[in-house]
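All remarks here apply to the structure that follows.
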Amino acid sequence: MFQQMEVENEEYQIKPMNCPFHCLMYKDELRSYRDLPIRWAELGTVYRYERSGTLHGLMRVRGFTQDDAHIFCLPEQLQDEIVAVLDLTETILSRFGFDKYDIMLSTRPDKSVGSDDIWDAATEALEGALKVKGWDYAIDEGGGAFYGPKIDLKIRDAIGRTWQCSTVQCDFNLPDRFGLEYVSAEGTREQPIMVHRAIFGSIERFFGILVENCTGKFPFWLAPMQMRLLPVTDAVHDYCVEVSKKAARLGLRVEVDRGSERLAKQIRNAEKEQIPIMAVVGMKEMEAGTLAARSKELGDLGTFEIDSLLGELSRCSEYAEEMTVVGQQQQE
């Protein structure tokens, strides 16, 4: 952690983690077993002191944002909550093109807090969730945190490197340290189980991994610029602008080339800039209300009605699909 700092005779500490604040939120009022599970998530910026020699681009930084979430639940709810977290993790990572994982279940270390019973129950819940998912995993005996067992998920990029991203961790320490309680069905005060969950881990590191995995060729739904209109002549510029406005209303990111280069150079520039879709627009297309589409990956796609092409592109963007056959080709 960074050292404390003094500002106008007050001591400040740069936040190294988000967890204690969710504990304080939980403790703000008395909870019943009927209230559980409680799930809170935030994109919280934290700061960790890393030696200068270990800093590495976006992969290892001193200030970063975590997609941090904490679940407070009953012991009998634990496995279902973990399965739900793993389902969400799979959905999100696969949307970014990561579908190969190395999964590690880490068990109780020599130095730890909590009873044998609660460690055994939590480890069993984590292992049970992995079996429900049908995922292969390895066991890291004694590799868990001192406060609870955990599942770590490493994603594998395009050249086979693994990166630590997602984690699900049980925590018996913070609920005890903060005195977290709920009223059970029998009227007794019991301690909830706390689960730490992160899918991206560090947003900055995940983005760095994504850029390297894609080599800059982002999937269509994620591309900063999804389509570029290439006017063959100045006479069609206004038509291109109207098409781009129509695309923007559908949530698509479309721009109009300045048209100062020859068409072949416009296409080459767009491909070098990794723009997934190009649309050549000449007088013929303007008069017919069409677009001549070209894909960076598939080459020429043919001529399409504007609404047909934009509708299909909008659907691909919304559902994170890549394009194989686009739109309904305009009949000649």
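For Thr45, what accessible area in Å² do you get when you roll a 1.4 Å probe over the heavy atoms of the protein chains, rounding to the nearest 10?
Using a 1.4 Å probe on the heavy atoms, I get roughly 60 Å².
Going out from 0 in 5 Å bins, what whole percent of all Cα-Cα distances in the stretch 133-281 drops into each bin?
2, 8, 11, 11, 10, 9, 8, 8, 7, 7, 6, 5, 4, 2, 1, 0
So how much slack lies between Val183 and Arg95, counting 0.36 nm per residue of separation and subtracting their Cα-Cα distance, in nm?
27.7 nm
Subtracting the Cα-Cα distance from 0.36 nm times the residue separation, let me have the gained length for Gln274 to Ser32 in nm, one decimal.
Value of the extension gain: 81.8 nm.
Run the 1.4 Å probe and let me know the accessible area of Ile275, rounded to the nearest 10 Å².
Rounded to the nearest 10, the figure is 10 Å².
Rounded to the nearest 0.05, what FRET efficiency do Glu76 and Phe146 have when you use their Cβ-Cβ distance and R0 = 22 Å?
The value I calculate is 0.35.
What is the angle, in °, between the Cα long axis of helix 116-133 and the longest principal axis of the Cα atoms in the chain? Nearest 10 is fine, range 0 to 90.
So the inclination is approximately 20 degrees.
Measuring from label point to label point, each 7 Å out along Cα→Cβ, what is the Glu297 to Gln13 span in nm?
Distance between label points: 4.8 nm.
Could you work out the Rg to Rh ratio of the stretch 261-301, with Rh taken as the Kirkwood radius (inverse of the mean 1/r over all Cα pairs)?
Using Cα coordinates only, the ratio equals 0.99.
Across bins of 10 angstrom width beginning at 0, how are the C-alpha pair distances of the chain distributed, in whole percent?
The percentages, shortest bin first, are 5, 20, 23, 18, 15, 11, 6, 1.
Please compute the length gained on full extension between Ile203 and Glu255, using 0.36 nm multiplied by the number of residues separating them and subtracting their Cα-Cα distance. Intermediate values should be presented prior to the final figure.
Details: separation 52, 0.36 × 52 = 18.72 nm, distance 2.76 nm.
Taking Ile203 through Glu255 to full extension adds about 16.0 nm, to one decimal.
In whole percent, and with a 1.4 Å probe on the protein chains, what portion of the accessible area of the stretch 73-209 is carbon and sulfur?
Roughly 48 percent, rounded to a whole number.
Express the accessible area of the stretch 115-225 per residue in Å², computed with a 1.4 Å probe while the remaining protein chains stay in the model.
45 Å²
What 222 nm value per residue comes from the helices of the chain, counting each DSSP H run with n ≥ 4 as -39,500 (n - 2.57) and dividing by all residues, nearest 500 deg cm²/dmol?
Rounded to the nearest 500, the figure is -9500 deg cm²/dmol.
Could you tell me the calculated FRET efficiency between Lys154 and Phe2, based on Cβ-Cβ distance and R0 = 25 angstrom, to the nearest 0.05? All intermediate terms of the calculation are to be shown ahead of the outcome.
On the way: r = 28 Å, r/R0 = 1.11.
After rounding, the FRET efficiency stands at 0.35.
I'd like the FRET efficiency for Thr45 and Thr162, computed as 1/(1 + (r/R0)^6) with the beta carbon distance as r and R0 of 30 Å, rounded to 0.05.
0.70
Could you work out the percent of alpha carbon pairs in the stretch 30-161 separated by over 19 Å, rounded to a whole number?
Working: 5403 of 8646 pairs.
Value for the stretch 30-161 (Cα pairs over 19 Å): 62 percent.
Under a cut-off of 12 Å between alpha-carbon atoms, report the aspartates and glutamates in cross-link reach of Lys245, not counting same-chain residues fewer than 8 places apart.
Candidates past the 8-residue exclusion: Glu255.
The values are calculated or read from the model by the stated rules, or taken from the named source; none is laboratory data. What you see is a predicted model; the values in this text were computed from it and never measured. Note that each Cβ is placed from the backbone with ideal geometry, even for glycine, and that neighbours are counted across all protein chains shown. To get the accessible areas, we keep the full protein, side chains included, count just its heavy atoms, and leave off ligands, DNA and RNA. Shrake-Rupley method; radii C 1.70, N 1.55, O 1.52, S 1.80 Å.
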